[in-house]
């Protein structure tokens, strides 16, 4: 009789041999080919070469090939970087190749690896035992290793950047300055202060690559690389980005990227914080008001420029008014300006800047109004009209003279939206009449009652004013709905 | 043909032995691998090599207890030495007493050099290896014992 | 007297190795006769569940492909590796991910053992499904094996539950979002109760979800529940039911097989003779194997072989093949581990384990219909098969009844065309909500690609029932349709669904993230 189990015995033989083979293979792979073991044997050789005195011989004798780690429960870190970076705190290892070299500078004197670990400053995957996985550019890990020059971004985890010596954090210092110079606060909030057109940047450094659009980015697809590329060309990295190209050099982009990466609200045990960090947190709660000029530079400049001329904005598809033009500040009252700054202009890109919106302090708003009105006549020439206006005649005049720029129903277009509720509330009759009569120097708004050739008579202006006031009643609800959709950047970052 | 008086059969063959042998070899290799797993490759928790700072801060004749590290550091004329404060009986932490150390758990007593002077402790308190780190700091390696009386000279 | 006792003691001491060995191994040597081989089988706790002789068909590789055994072997592998992983795994949301990283990076053999655990689990699901298909297509569920079919169905459900609960434990993004979706499928009856407005009074969905997660979100309570289910409750249930399953195989007379025909031939004493047909009135039982004075009953020629060693060789080799396959896969492919779970950033696409992807595709039309209603219909339908198809015939033979193979292929291509067509249609034209944005949810629940497929398959099966006049063939057509539908949906959701559940030809076309 044919043996019915012969085939199974052959199968068993083959399967068992394959099993033994792969088990042995896995054992060899793990025990003899591990990268860190190779590295530690190299380091042992280096120690041997340098064992010229008693101390050197002692260190050599103490050295063991084994996994090493800095376990810092307070920071939630188990950093095994020291398994390969064996010479990190050995001052003799300055002339050897990485990964054996001494840590540069005197950083470790005050930040011993035993207490701080590595990843709190450098990021990267501390648990890993191969360089690729520790670097974590292309593995599943949220915070890849920062390039050496960008590592200063993490100093502010425990320090107040303003109290650190600027030569130790050159990029971070430059980044902070650039943020103010480029008036990034006009669109972005940081620490509760800033515009609402772009996303708030308070936790920008905590973002992972999954929160950023990587499609157009050349590898590595890391957050630091994204920041770098994005500052060079926002629209090239984020399609349909509303952000204006900040026009910076590569080094400036690096500085801004470092500043962005430093924005991370990390929970660090108090014992790790430098005393000035605690002071900084206190200062943030009790800010010192900026001067009017500083406020203008940091929060207005990006859209209004120097404020003397109105300008056409390609991204916004509308005119941005000249807010320091003589003709405006000579007619606009302090209250008018204050209402516009504090409440914004719903329906336009101008956000509200009051303490609960853009985060400007009352003193700062006063300051910036002073700054805007600098050089304006103290008592603007205002003439009141006592005539009663006829809205229907006003409408026909409006259609003929105004709607071309201010849009049907005053919903705005080339010129400001004069139907919107903040304008309607804040602009006094005198202000509107004065503007129609005298126009706006530095803008497209002409004077309609030039002494030599008046386009409109006093009665006409009264009619237009009466018509304009009816817009305020009609609009209201629409305007607010529109404001919501417009102030969120369409197609921005997810 | 009756099954009660069956013919002797012999199923041993090279194939059977080889397949069975390789099966047990596979089983053995797998078991060896699996038994390696529970033994931790790297001990969790902070390292037990304690950096105690520059040696100058300890004056000769001083005695400094490090409660968290479970050791006492001494410095005398001949150099540094560290004695573990973990009882050699069953691992309780000993307390400093008049004449040396006393263990609260089972009454072991040691003199100030760690030698047993009473109670169930089988050996003296271990002397720990003192050395210096690459940056000059004094280091006590609580995992390494040295013979009693060993001093580390700075 | 004292001297005798001393001598006896010394003698016993001398004999100690032998007596201990005899106590442990009752036979104590390689069996040399069929009787000893029988003893080797039934004197051993682990072997005695086998009969001492099995039909030669049992050993034919192409009858079963060893699928049930492979599933069992994978289960044994997951149990062993799972216990090892428990040494290091910490079921806490703060520690779980780090502990998996430690297993991956530092634990000796840890990475390999986790890979094996993962691959064996995948293999187990696959072989359990294939095993069920094998049992169905060889008509092995028929009387008296109806109960064992139910037990097997229970084992399938437990296997899927084991795999699902294990998915959460690494606490990475993959785990977190797959379980979030899974638990909301449990919550999906709310879709129905909301649509008819009774959620306030009767909310089985919310109850199920809270029962599963212990909270309204996937958090520490969910993790510990899944852990307990994964390492204790479900394995215990599976082992118990598996014991019943094995015991019933034996009690139901081994693997299903056609009766040896009258006049068939069998090897017997070196020649071929007519197969012995037992008389209905006579008891045969174990008498031929038991030593004693009772009159021996000569059994005639039959197509059986001794279980020891033949069956055990077969079982051992299948076990070892399973081990080898798992090892090879584990050697080359690491078990996935993504970033730490982050409730703020959903995985995109958040895909369930592959065997749930068919369901996930259906869920993308209606969570309740696709995630709950259709799976329940399928499981209930499977459970009813042996009770609705009761006519004997075809047992233990692939496509054993007349025109079964033809019906299989017809149904195969029918289901292929219908499923592919349905998917192509929805990818190109969308579904009800795209056409009528304000449509009532009840319509969506009732009419969606999932429910339509079920309906079409049911109609097809009724058509076969009428046309072929055979319950078995109707069952074959329905089973084939569901098998094909399941496979295509699984394939489709695995390969062709990308971020935002959009259609892509290949994963390489997904936008970079």
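The values are calculated or read from the model by the stated rules, or taken from the named source; none is laboratory data. Model, not experiment: these values are computed from the prediction. Cβ: placed from backbone, ideal geometry, glycine included. Neighbour counts: every protein chain shown.
Determine whether region A:223-245 contains at least one residue that is within 14 Å of chain C (Cβ to nearest Cβ), touching a residue at least 60 places away in the same chain (Cβ under 8 Å) and touching a helix residue (DSSP H, G or I) at 6+ places or on another chain (Cβ under 6 Å). Give the steps one after another, and end with the answer.
So the first thing to find is which residues in region A:223-245 are within 14 Å of chain C (Cβ to nearest Cβ), and the list is A:223, A:225-226, A:229, A:237-239.
After this cut, where a residue has to be touching a residue at least 60 places away in the same chain (Cβ under 8 Å) as well, the list is A:223, A:238-239.
Then keep just the ones that are touching a helix residue (DSSP H, G or I) at 6+ places or on another chain (Cβ under 6 Å); that gives A:223.
Looking for residues that are within 14 Å of chain C (Cβ to nearest Cβ), touching a residue at least 60 places away in the same chain (Cβ under 8 Å) and touching a helix residue (DSSP H, G or I) at 6+ places or on another chain (Cβ under 6 Å), one finds at least one in region A:223-245, hence yes.
Determine whether region C:171-189 contains at least one residue that is farther than 30 Å from residue C:335 by Cα and in a helix (DSSP H, G or I). The answer is yes; a qualifying residue exists.
Per the listing C:375, C:336, the residue uniquely more than 30 Å from residue A:13 (Cβ to Cβ) and assigned to a loop (DSSP other than H, G, I, E, B) is C:336. Evaluating residue A:177 against the criteria (1) within 30 Å of residue A:340 (Cβ to Cβ); (2) assigned to a helix (DSSP H, G or I); (3) touching a helix residue (DSSP H, G or I) at 6+ places or on another chain (Cβ under 7 Å) leaves one unmet condition, (3). Within region B:117-135, work out how many residues are away from every other protein chain (no Cβ under 14 Å), under 28 Å from residue A:63 (Cα atoms) and in a strand (DSSP E or B). Counting residues in region B:117-135 that are away from every other protein chain (no Cβ under 14 Å), under 28 Å from residue A:63 (Cα atoms) and in a strand (DSSP E or B) gives 1. The listed residues are C:462, C:478, C:423, C:442, and the only one of them that is under 26 Å from residue C:142 (Cα atoms), in contact with a helix residue (DSSP H, G or I) (Cβ under 6 Å, 6 or more places away or on another chain) and in a helix (DSSP H, G or I) turns out to be C:478. Return the pair list, or none, for Cβ contacts closer than 6 Å from residues in region C:387-404 that are within 15 Å of residue C:135 (Cβ to Cβ) to residues that are at pLDDT 90 or above and part of a loop (DSSP other than H, G, I, E, B), at least 6 apart or on different chains. Partner pairs satisfying both residue conditions: C:394/C:139; C:395/C:139; C:395/C:142; C:396/C:138; C:398/C:138; C:400/C:139. Answer with yes or no whether residue C:155 is closer than 17 Å to residue C:68 by Cβ and surrounded by fewer than 23 Cβ atoms within 10 Å (Cβ to Cβ). No; evaluated as a whole, the condition is false for this residue.
For region C:337-356, the criterion of being in contact (Cβ under 8 Å) with a residue 60 or more places away in the chain, surrounded by 19 or more Cβ atoms within 10 Å (Cβ to Cβ) and more than 30 Å from residue C:220 (Cβ to Cβ) is met by none of the residues. If the condition is being out of contact with any helix residue (DSSP H, G or I) (no Cβ under 8 Å at 6 or more places or on another chain) and under 19 Å from residue B:129 (Cβ atoms), then region B:80-109 contributes B:81, B:82, B:83, B:84, B:85, B:86, B:88.
Among the residues making up region A:389-415, a single one is free of Cβ contacts under 8 Å to residues at least 24 places away in the same chain and at positive phi: A:407.
Return the residue satisfying two criteria in turn: it lies in region C:319-329 and is crowded, with 24+ Cβ neighbours inside 10 Å and either out of contact with any helix residue (DSSP H, G or I) (no Cβ under 6 Å at 6 or more places or on another chain) or more than 8 Å from chain A (Cβ to nearest Cβ) (or both), and of such residues it is farthest from residue C:65 (Cα to Cα). The qualifying residue farthest from residue C:65 (Cα to Cα) is C:326. Here C:80, C:49 are screened, and the one residue that is more than 13 Å from every other protein chain (Cβ to nearest Cβ) and surrounded by fewer than 19 Cβ atoms within 10 Å (Cβ to Cβ) is C:49. Of all the numbered requirements in (1) surrounded by 17 or more Cβ atoms within 10 Å (Cβ to Cβ); (2) in contact with a helix residue (DSSP H, G or I) (Cβ under 9 Å, 6 or more places away or on another chain); (3) at pLDDT 90 or above, residue B:130 misses one, and that requirement is (2). Taken together, the residues in region A:404-415 that are out of contact with any helix residue (DSSP H, G or I) (no Cβ under 7 Å at 6 or more places or on another chain) and closer than 19 Å to residue A:323 by Cβ amount to 2. Checked against (1) more than 14 Å from chain B (Cβ to nearest Cβ); (2) closer than 21 Å to residue C:69 by Cα, residue C:165 meets all criteria but (2).
So, in region A:44-55, of the ones that are in contact with a helix residue (DSSP H, G or I) (Cβ under 6 Å, 6 or more places away or on another chain) and within 12 Å of another protein chain (Cβ to nearest Cβ), which residue ends up surrounded by the fewest Cβ atoms within 10 Å (Cβ to Cβ)? Going through the qualifying residues, I end up with A:50.
With A:58, A:66 as the choices, which residue is within 20 Å of residue B:44 (Cβ to Cβ), within 10 Å of chain B (Cβ to nearest Cβ) and surrounded by fewer than 16 Cβ atoms within 10 Å (Cβ to Cβ)?
Details: A:58 fails: within 20 Å of residue B:44 (Cβ to Cβ).
Residue meeting the stated conditions: A:66.
For region C:88-99, what are the residues that are within 14 Å of chain B (Cβ to nearest Cβ) and in contact with a helix residue (DSSP H, G or I) (Cβ under 9 Å, 6 or more places away or on another chain)?
The answer is C:88, C:89, C:90.
For region C:1-86, the helices (runs of 4 or more DSSP H) that sit wholly inside it and include 3 or more residues that are touching a helix residue (DSSP H, G or I) at 6+ places or on another chain (Cβ under 6 Å) and over 30 Å from residue C:116 (Cβ atoms) are C:34-42.
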